[in-house]
Amino acid sequence: MNNAQRRPMLTGFAGLPLGEITQCTADDVGVLGVPSEVKTGSRFGTSLAPGALREMAERLDVDLPAKGYDLGNMDLSGDWPGTLMHLVTQMADRQVVPVVLGGNSDVATAVLEALPELTVVATMPHVRRDVAARPANTIWVGLNGEQPVETWDQIRQREMIWRTARQLDEGATDIPHESDCAALWIDLSVVDLGHAAGVVGLNPGGMKPETLVSVIGSMPCSWRAIVITGLAPALDTRGMSELIAIETLVAALRNE
């Protein structure tokens, strides 16, 4: 694949064969690693996430409930967000589901910009104004902590659906869905710090891992794109953060 870096491996993520976008057919997944790094703050290591997720999936012998190809890692030289948008658009045109392993949140920003009309299901502790401003309403899963007043006003005015981490952990998992298809953004910072130390954003009082997996797995939705961000595997020597990401991804794909 153009603009990709090949890894020295015989098979790709969760046993998928290595391949090119042109080899993908409708309803395949195209797994793409985008190892961008956090630029601010005190917690780093997101550039290691695609490799760590592949290694954990191999170690656990994960059986991905989807067919498709691992497209390798993107080369982040030059205008990589523009290149990523182009690749996501190519996959969408072929009815291939991009599964993008970030990386920092800028990875998700590029993916969503390539799919401007899609509803987004965002699992994250804080509302992002750029996502809330998209044409279609965003569904917010796992909000936690204080949110800016103007952001709440934006959510209420547009009657967006949202659930806090506490509501979900206490069983309020009935999340109405306005669309049959959506893009899924899994920000690992949505998980409580006690369960996921290897994340960029510290989130005491966040979601339990089993709640996240259950909620995503039960959503009656056809995912047109899935992107994972916020994972900093070197900060979690147990590997629990990678495990949570993989279990959530498998749950989402099983519901396809």
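Test P50 against the criterion of being under 25 Å from E247 (Cβ atoms), open to solvent by 10 Å² or more (accessible area, probe 1.4 Å), in contact (Cβ under 8 Å) with a residue 40 or more places away in the chain and not basic (K, R), and give yes or no.
no
Quick one: A132 ticks every box in (1) closer than 30 Å to D75 by Cα; (2) open to solvent by less than 10 Å² (accessible area, probe 1.4 Å); (3) in contact with a Phe, Trp or Tyr (Cβ under 8 Å, 6 or more places away or on another chain) except a single one, so which number is it?
Here A132 clears every test but (3).
Hey, can you tell me all the residues within region 194-206 that are under 20 Å from E37 (Cα atoms) and touching a Pro at 6+ places or on another chain (Cβ under 9 Å)?
Within region 194-206, A196, G198, G201, N203 meet the criteria.
Which of the residues belonging to region 10-37 are surrounded by fewer than 20 Cβ atoms within 10 Å (Cβ to Cβ), in contact with an Asp or Glu (Cβ under 9 Å, 6 or more places away or on another chain) and assigned to a loop (DSSP other than H, G, I, E, B)?
Once the filter is applied, which keeps residues that are surrounded by fewer than 20 Cβ atoms within 10 Å (Cβ to Cβ), in contact with an Asp or Glu (Cβ under 9 Å, 6 or more places away or on another chain) and assigned to a loop (DSSP other than H, G, I, E, B), region 10-37 yields T11, P17, G19, D27.
Please verify whether region 190-213 includes one or more residues that are surrounded by 24 or more Cβ atoms within 10 Å (Cβ to Cβ) and acidic (D, E).
The answer is no; no qualifying residue exists.
Given region 161-235, what strands (runs of 3 or more DSSP E) lie entirely inside it while holding 1 or more residues that are more than 20 Å from L115 (Cβ to Cβ) and β-branched (V, I, T)?
Filter on region 161-235 gives 162-164.
Quick check on region 65-78: of everything there that is under 17 Å from the mean Cα position of the chain (by Cα) and of a type in the set (A, V, I, L, M), which residue is surrounded by the fewest Cβ atoms within 10 Å (Cβ to Cβ)?
A66
Can you confirm whether region 31-38 contains a residue that is in contact with a helix residue (DSSP H, G or I) (Cβ under 9 Å, 6 or more places away or on another chain) and among the acidic types (D, E)?
Yes, region 31-38 has at least one match.
Select from region 172-188 the residues that are under 18 Å from the mean Cα position of the chain (by Cα) and either open to solvent by 10 Å² or more (accessible area, probe 1.4 Å) or charged (D, E, K, R) (or both) and list them in ascending order.
Hits for region 172-188 are C181, D187.
Any residue in region 54-64 that is under 15 Å from the mean Cα position of the chain (by Cα) and in a helix (DSSP H, G or I)?
Looking for residues that are under 15 Å from the mean Cα position of the chain (by Cα) and in a helix (DSSP H, G or I), one finds at least one in region 54-64, hence yes.
Assess whether T109 counts as being surrounded by fewer than 16 Cβ atoms within 10 Å (Cβ to Cβ), within 19 Å of the chain's Cα centre (by Cα), in a helix (DSSP H, G or I) and not small (G, A, S).
no
Within region 218-231, work out how many residues are at pLDDT 95 or above and open to solvent by 20 Å² or more (accessible area, probe 1.4 Å).
Matching residues across region 218-231 total 1.
Being open to solvent by less than 40 Å² (accessible area, probe 1.4 Å), among the hydrophobic types (A, V, I, L, M, F, W, C) and assigned to a strand (DSSP E or B) narrows it down to one residue among V88, V100; which is it?
Criteria check complete, one pass: V100.
Could you tell me which residue of region 201-210 is farthest from R166 (Cα to Cα), considering only residues that are under 16 Å from the mean Cα position of the chain (by Cα) and modelled with pLDDT of 95 or more?
P209
The values are calculated or read from the model by the stated rules, or taken from the named source; none is laboratory data. Computed from a predicted structure; not experimentally measured. All Cβ positions, glycine included, derive from the backbone under ideal geometry; neighbour counts span all protein chains shown. The accessibility values were calculated without ligands, DNA or RNA, using every heavy atom of the protein model including side chains. Shrake-Rupley method; radii C 1.70, N 1.55, O 1.52, S 1.80 Å.
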